[in-house]
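Quick notes on the structure that follows.
Read-outs throughout are calculated quantities, based only on the coordinates presented, and are distinct from any laboratory measurement. Bear in mind that the values here come from a model prediction, so they are computed numbers and not experimental data. Because the Cβ atoms are built from the backbone with ideal geometry, glycine has one as well, and the counts that use them run over all protein chains shown.
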Amino acid sequence: MRFPGFLALSLAAQGATSHACKTDEDCSLNGICSRQWPWSDYPNGIILKPRKVCKCDPGWFGDDCGRLDLRPAGRINGYNHSADGVESSHFGPYGNSSWGGQIFQDPKNPKLFHLFASQFADGCGLSGWRPHSFVLRAESRNGPQGPYQFAQSVSKPFRHNPQVIWSPADEKYLLYTIGVDDNVKREECTSLSYTQWPNNISVSAADDLQGPWTPFEMVLSSKEPHSTNPAPWPLWTPEYHTSKIVLGVEDLAIFIADKYNGEYELVHTQMWNTSEWSPTWTEDSFFWQDKRGHWHALAHWMIDLVEHDGQKWPRVGAHVFAKDLTGPWHFHLHEAFNSTVTYTDGSSQTLDRRERAKIFFSDDGEMTPLYLINGVQEMGERSRSSTVIQPIGEKWKKYEKRLGFR
Ligand SMILES: *[C@@H]1O[C@H](CO)[C@@H](O)[C@H](O)[C@H]1NC(C)=O
Ligand SMILES: *[C@@H]1O[C@H](CO)[C@@H](O)[C@H](O)[C@H]1NC(C)=O
Ligand SMILES: *[C@@H]1O[C@H](CO)[C@@H](O)[C@H](O)[C@H]1NC(C)=O
Ligand SMILES: *[C@@H]1O[C@H](CO)[C@@H](O)[C@H](O)[C@H]1NC(C)=O
Ligand SMILES: *[C@@H]1O[C@H](CO)[C@@H](O)[C@H](O)[C@H]1NC(C)=O
């Protein structure tokens, strides 16, 4: 007996991969481990035994759904002002170099997109990041992928790695950054030690994306363990109204506070080796809660530094996940994305550095990843840097079409 053709067809149409799974964790919580009837493993067709394979959510692919389904970007995208005119007052030649950011759709004008990004002041590039970095807001009327144009300085130096969330409980935008307020004259593009310019984590609030933003309040001193590179996420869901805020930090450690400007308490540190130069060494996390209530984070994975003598590419993206915030967390040791960007003109480029990953999700309750935003540096560059936006999966096409951009 052979399987009827229609059965083989319908199974093939699901696009499921052949790798077997037992639990949804085997599918990185980015999909469902679901039963599939075998049709190719049993050529004589006598034994009909179901097995389970991962069925990935849109935007993720791979045997374990642990890879971001990146699609070609336009050649001119994101916020790349690294080659803009140098002014005589500038200390460095690196234009408006930037280092990653985050997209917001304007709530009143859906065709207007905002990007909160880190930029290095006075022509200083990435190598002068501390204390020259400040937070800017840029705008795009060309759609979420940009290109974005400078609109407003949101902070003075030194502020870095901004992450903005909408807090439904507070009905405010919350801006988390590292840094301290500037009170020393900056003279040249060198980067200073954190003892001179601590990475303290602060928060500021605003009713609108355009501000005004309240003065920064420090929520975690850089003396606290893991206290740098804040990755906030509100615990509020439509079913659970709370003002609690989750704050992911370095080494994928997790703090929680009752309210955004309250006391942050360490609730979880990861079980894997977070030491520098270990194969599970990461930095710069970005946390989110998915449609099933499960938790995820992306981070900059430094595996090629460890295995290839300080080389920064290509395996740059780590994905970790857990059903509960306090774990157990899982880390599948392969990259969620690499440092190669493909473009709509058919070309591609492998970047030296691709870090500071952040995702813009669909707003239909599905939390489908639509765009990946990174701070990037091209091969051979010493300090010039920019912010790249690359679409993910298929759903962004409909999103842009509905807004009239395609
Ligand atoms: C940024 O723009 C400059 C100047 O146009 C260009 O040389 C560079 O390749 C761009 N960087 C990226 C990552 O696209
Ligand atoms: C570069 O950044 C400065 C703010 O530091 C801004 O005033 C200027 O408009 C920006 N230039 C471009 C070309 O975006
Ligand atoms: C930042 O944290 C340091 C400890 O690392 C502390 O001494 C300093 O007072 C803090 N700065 C501000 C502005 O709170
Ligand atoms: C963690 O990794 C570091 C760097 O490779 C290594 O020296 C250390 O022994 C590891 N610690 C454990 C507990 O495995
Ligand atoms: C980067 O990832 C893509 C799949 O997302 C793959 O096709 C490509 O070969 C990878 N490039 C490198 C250099 O690993």
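Summary of values
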{"read-out": "Segment residue 340-residue 273, length gained on full extension (0.36 nm per residue, minus Cα span)", "value": "21.4 nm"}
{"read-out": "Order of 295, 329 - criterion: other Cβ atoms within 10 Å of each residue's Cβ, fewest first", "value": "329, 295"}
{"read-out": "Set 244/395; 156/244; 111/395; 185/312 screened for pairs whose C-alpha atoms are more than 24 Å apart", "value": "244/395; 156/244; 185/312"}
{"read-out": "Tensor-based shape of the stretch 128-183 (alpha-carbon gyration tensor, a/c under 1.5 rounded, otherwise prolate or oblate)", "value": "oblate"}
{"read-out": "The stretch 243-252 - phi-based ³J(HN,Hα) in whole Hz, Karplus 6.51/-1.76/1.60, Gly and Pro as x", "value": "8, 5, 10, 8, 10, x, 9, 4, 6, 6"}
{"read-out": "At most 16 other Cβ within 10 Å, DSSP loop - GluC sites (Glu not before Pro), the stretch 298-401", "value": "366, 378, 394"}
{"read-out": "Helical contribution to [θ] at 222 nm, DSSP H n ≥ 4, -39,500 (n - 2.57), averaged over the chain, rounded to 500", "value": "-1500 deg cm²/dmol"}
{"read-out": "Low-density loop cleavage sites - chymotrypsin sites (Phe, Trp or Tyr not before Pro) in the stretch 210-257, where at most 12 other Cβ are within 10 Å (DSSP)", "value": "240"}
{"read-out": "Residue 307/residue 108 FRET efficiency (R0 56 Å; Cβ-Cβ; nearest 0.05)", "value": "0.70"}
{"read-out": "Ranked 114, 308, criterion: other C-beta atoms within 10 Å, fewest first", "value": "308, 114"}
{"read-out": "Which of 177, 282 has the fewest Cβ neighbours within 10 Å, and the rest in rising order", "value": "282, 177"}
